[in-house]
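This report refers to the structure that appears directly beneath it.
The values are calculated or read from the model by the stated rules, or taken from the named source; none is laboratory data. Remember, it's a predicted structure, so these values are computed and weren't measured experimentally. Here the Cβ positions follow ideal geometry from the backbone for every residue, glycine too, while neighbour counts run over all protein chains shown.
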Amino acid sequence: MKITMNNMALIELLQTLNRFADVTGKLGYAISKTKKGMESELAVFEVERQKLIKKYGTDDGKGNFAVDEKSESYQDFVKEVTEIAEEQVEIDFFQVSQEVFNKTDYYSDECSVRDYDILEALFVEKPKNEEKAV
């Protein structure tokens, strides 16, 4: 299933999926494959974000750049980063059946109820609606 979201939502979702790193079997495979696609997409975002940090930031003398929140260029930096963070990307979510999902041990102390809801909403294959004859 393909889902369109912006880069910022993608970052937040990837952080949630990282909490399920120990899931095994078909669900673990689906999560891993999906994360790989997400990470690939975010690599492009990160390259561009680093360019903006160099453009608007200052070097600490060791090749490390940072943008000072008090600098005159900070608002320009935020504006440009926000523009690319809001860019829409399409991610392919690999899914499993409800039966496989229900049989999978995916409990984690680090996860909230919301995390589990997200996992089920994105990774459980939805039944296709049968077309009714008119």
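Data table
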{"quantity": "Residue within the stretch 20-43 that is charged (D, E, K, R), at pLDDT 95 or above and more than 16 Å from the chain's Cα centre (by Cα) present", "calculated": "no"}
{"quantity": "Candidates 81, 113, 100, 96 - the one that is of a type in the set (Val, Ile, Thr) and loosely packed, with under 10 Cβ neighbours inside 10 Å", "calculated": "113"}
{"quantity": "Candidates 40, 71, 108 - the one that is surrounded by 10 or more Cβ atoms within 10 Å (Cβ to Cβ), assigned to a loop (DSSP other than H, G, I, E, B) and without any contact (Cβ under 8 Å) to a residue 40 or more places away in the chain", "calculated": "71"}
{"quantity": "Filtered residues of the stretch 15-33 (kept if in contact with a helix residue (DSSP H, G or I) (Cβ under 7 Å, 6 or more places away or on another chain) and over 16 Å from residue 108 (Cα atoms))", "calculated": "26, 30"}
{"quantity": "Enumeration of residues in the stretch 56-84 that are among the basic types (Lys, Arg) and under 21 Å from residue 8 (Cα atoms)", "calculated": "79"}
{"quantity": "Breaking point among (1) out of contact with any Lys or Arg (no Cβ under 8 Å at 6 or more places or on another chain); (2) surrounded by 14 or more Cβ atoms within 10 Å (Cβ to Cβ); (3) within 27 Å of residue 127 (Cα to Cα), for residue 14", "calculated": "(1)"}
{"quantity": "Among the residues listed as 84, 3, the single one being within 23 Å of residue 119 (Cα to Cα) and either in contact (Cβ under 8 Å) with a residue 40 or more places away in the chain or among the aromatic types (Phe, Trp, Tyr) (or both)", "calculated": "3"}
{"quantity": "Evaluation of residue 59 against (1) surrounded by fewer than 11 Cβ atoms within 10 Å (Cβ to Cβ); (2) under 16 Å from residue 28 (Cβ atoms); (3) of a type in the set (D, E, K, R) (one fails), failing number", "calculated": "(2)"}
{"quantity": "Check on residue 20, assigned to a helix (DSSP H, G or I) and touching a Leu at 6+ places or on another chain (Cβ under 8 Å)", "calculated": "no"}
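Yes/no matrix, rows are residues, columns are (1) closer than 19 Å to residue 16 by Cα; (2) out of contact with any Ser or Thr (no Cβ under 7 Å at 6 or more places or on another chain); (3) of a type in the set (Phe, Trp, Tyr); (4) at pLDDT 90 or above:
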| residue | (1), (2), (3), (4) |
| --- | --- |
| 74 | no, yes, yes, yes |
| 79 | no, yes, no, yes |
| 123 | yes, yes, yes, yes |
| 128 | no, yes, no, no |
